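A.B. asks: Attaching a single structure in structure tokens format; questions to follow.
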Amino acid sequence: MRARGLDMERTTRLGMAHDDAAITPAETCRYDVCAVVPSAFQADHSVNVGEIAEGCFAIAEFMGTAHEKAPGTRFFVPGCR
């Protein structure tokens, strides 16, 4: 992100898991690392730009690496389908 000129102290970063790790083999789980970028940000061959659709999402704050995440961490959002 620094290479793209994003200020790491101010950039909102997001992780999006697309699969349920409880039922999907680890080698096929899909996960996107995202950052909120200015509207003028330019995509290229290694960085895509998209929008996250409005919806119901679980939110958790995490500091650390993917290897430090608690195994089997799951989120449930009441009323969200």
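A.B. asks: Checking Thr73 against (1) polar (S, T, N, Q); (2) at pLDDT 85 or above; (3) surrounded by 10 or more Cβ atoms within 10 Å (Cβ to Cβ): exactly one of these is not met. Which one?
C.D. replies: (2)
A.B. asks: So which of Arg4, Arg13 is more than 17 Å from the chain's Cα centre (by Cα) and surrounded by 11 or more Cβ atoms within 10 Å (Cβ to Cβ)?
C.D. replies: Arg4
A.B. asks: I'd like to check something: does the range 12-21 contain any residue that is in contact with a strand residue (DSSP E or B) (Cβ under 7 Å, 6 or more places away or on another chain) and among the basic types (Lys, Arg)?
C.D. replies: yes
The values are calculated or read from the model by the stated rules, or taken from the named source; none is laboratory data. Since the structure is predicted, the reported quantities are computational estimates derived from the model, not experimental observations. Using ideal geometry, Cβ is built from the backbone for each residue, glycine included, and neighbour counts are taken over all protein chains shown.
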